[in-house]
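Input: a single structure, listed below in structure tokens.
Read-outs throughout are calculated quantities, based only on the coordinates presented, and are distinct from any laboratory measurement. It should be emphasised that the depicted structure is a prediction, and the values quoted were computed from it without experimental measurement. Every residue, glycine among them, receives a Cβ derived from its backbone with ideal geometry; neighbour counts consider all protein chains shown.
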């Protein structure tokens, strides 16, 4: 086993083993320090007490006597004070002259005239400079080297020799270089791990990231050093804790006529992986859980497998996620410990876990800047009091709160209460901390379709005008063939999560080839629909609407178009089943939706009829990037003749959401002016091949469909359109651009039709 012993007991022994003389010196120093300390204490006078009265002290010298003792200082008494300051050059010359006069006085002491003429410093003669000045001592240091006192030689005689270094400088240090990377010895580790360590290293390598080019040789060496450390970490992450990594740079042989700088450079990393450590034992230190093997069964590690860092971290994360899902909201995974044995290559893995108290959901509390109260939060929650705590339900509640669009920040976390819930559990309170965000939204969208023209729609919404989640929306549509305004009052999560109540009032003006209409509509609708965070398997909707519309229609009896007024009261019912993998961009599964609309005209006697329509779509992934998609639509109107129906309530086909390749509402029966007049039944079909690469995609499609006068589709005289489309995928769905052309085109039909919108065609 590996052990690390840190010795501290030897330190007192070292102190005790000092020589006796050293101990005496220490004692003397201590005594001296004590004496000095005592003197310091004596020298510092103690301040007198505040109430003490001190006697007056007579001055030793009086002021008059002091003034007389000071000699007067003035220009009259001392002429030197008025003499101007001499320059530094004059001062130095005067000092040199005085120094030259001193040897005459010193001859009596046995000095010769020659000796006295040359000044000396500490017995060393110092020659005078050319200007008569002398070399002075540098600070207080004596001049013991005559070379220091010697005059400098003239510049023209100064000999400059280049400095010679022990190692010659690399000529490539400041020149852009090309290099290759070579890794030796990693194959053995690759074969053992089953992981391509070379690819893992290459993804992170500084050398490979440089694409074989560096500004200079120093940069290559720096990259090589960093990659050596990287290789050590990569091998350790796969269990090779004793791996040896060495780095070096080699230059290839110099070819004839090639200088040194042209020699190829190879950065080499030599790897000796050593043995790979494996788990010999797994020790989990935790209190008993319910069920008993909850931790062991969900820890994806086993004895005998290699110690791989990613596996270890993933296993610990799995436990940290699983315990809160099984009733332990306060579980914490501690710091792991792995004891390695280099002689056997075994590793003992120990993981401490604090499971905390097993808990059940209790009440809900709110705090912060509230958008709505705790009662409405409980409507969004998919748990009730007494349910075993499950972190997945908490995450779902947090997502539902975010989906309301009413918060800038939102948090939901459990708080212990200490209240027993039985079965050795306790209640936790869910604390929802809210920070209400801006409730108003302005939105806009645009689209274009052949026959439908350009359409721009804008809206203003206050999402919480009538709390909780009572939104008011004003909408406007401006298009080449449709204009309108409307208001919608929507209550989201009305008494139940994802149930919506809508009240609508709108007025529109339409001008299509099939009809021209001025329509007013009011309606109420209750729906239970899929949302981006919860795609439901079953959906439903029901409602009522009242329509008043003035529309024109072709009268075959008179051979002319005339306007008529229609008042329609109808009910709406819709059910759906969804088995796809995505709400916005499905790649597999199927959907079925059926719409039933019983309605009737209020003009004169009530004339009831029913509109029925069924849509089926399916999706099949051929590869990861290719999806085949298809759809079928069948519709029928029962109980009324076509002439008795308002033109806007009939069936039509053609356009971007119907049969591409044809204009909007272009298919079906036509009047003598070749304008569509609609029918009582419809059938449509489409097949798409969708290829996606990154955020882009290409779609090829074939559409087919027809509208019939009869109440039941005959599936005859089908018209086909083919085309190609482009997709750009965003986080709110794909943007669609389709171009199509009709097969067996008839007079009056466009050669090419273009459709631009948001979302897949189906």
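Miscellaneous remarks
- Tail fraction, Cα-Cα pairs, segment 592-675, threshold 17 Å, whole percent: 63
- The simple spin-label model puts a point 7 Å past each Cα toward its Cβ; for residue 180 and residue 97 those points are separated by 8.3 nm.
- R0 of 35 Å, Cβ-Cβ distance residue 644-residue 540: FRET efficiency to nearest 0.05: 0.70
- Residue 457 versus residue 558: modelled label distance in nm, points set 7 Å from Cα along the beta carbon direction: 3.5
- Ranked 626, 220, criterion: other C-beta atoms within 10 Å, fewest first: 626, 220
- Distance (nanometres) between label positions extended 7 Å along Cα→Cβ at residue 60 and residue 594: 12.5
- D by Stokes-Einstein for segment 503-579, Kirkwood Rh over Cα pairs, 10 °C, 1.306 mPa s: 105 µm²/s.
- Under 17 Å from the residue 445 label point (7 Å along Cα→beta-carbon), backbone N, segment 719-762: 728-738, 755-762
- Taking other Cβ atoms within 10 Å as a rough exposure proxy, 355, 637 sort from fewest to most as 355, 637.
- Its Cα gyration tensor gives segment 297-419 an equivalent ellipsoid, and the semi-axes of that ellipsoid, as √(5λ) in whole Å with the largest first, are 39, 15, 12.
- Note on residue 242 and residue 211: the extension gain reaches 8.1 nm, defined as 0.36 nm multiplied by sequence separation minus the Cα-Cα distance.
- Zero-based 10 Å bins, Cα pair distances in segment 440-758, whole percents: 6, 22, 35, 29, 9, 1
- Once the C-beta distance of residue 387 and residue 321 is scaled by a Förster radius of 25 Å, the resulting FRET efficiency is 0.85 to the nearest 0.05.
- When the convex hull of its Cα atoms is viewed from all sides, segment 431-541 shows a mean projected area of 9.3 nm².
- Panel order for 322, 746, 588, by other beta carbons found within 10 Å of each beta carbon, from fewest to most: 746, 588, 322.
- Computed P(r) (all Cα pairs; segment 278-354; 10 Å bins; percent): 18, 53, 23, 5, 0
- Extended-chain gain in nm, criterion 0.36 nm per residue less alpha-carbon gap, residue 505 and residue 290: 71.8 nm
- If you model segment 595-745 as an ellipsoid using its alpha carbon gyration tensor, with each semi-axis the square root of five times an eigenvalue, the axes come out at 33, 17, 13 Å, biggest first.
- Net lengthening on full extension, residue 602/residue 584 (0.36 nm per residue, minus Cα-Cα): 2.6 nm
- Rel. contact order, % - alpha carbon contacts under 8 angstrom, at least six apart, segment 359-436: 44
- Evaluated on segment 359-436, the Kirkwood hydrodynamic radius is 12.6 Å, with distances taken between all distinct Cα atoms.
- Restricting the calculation to Cα atoms, segment 532-672 shows an Rg/Rh of 1.06 when the hydrodynamic-style radius is the Kirkwood one.
- Sites residue 409 and residue 717 - FRET efficiency at Förster radius 60 Å, r taken between beta-carbons, to 0.05: 0.50
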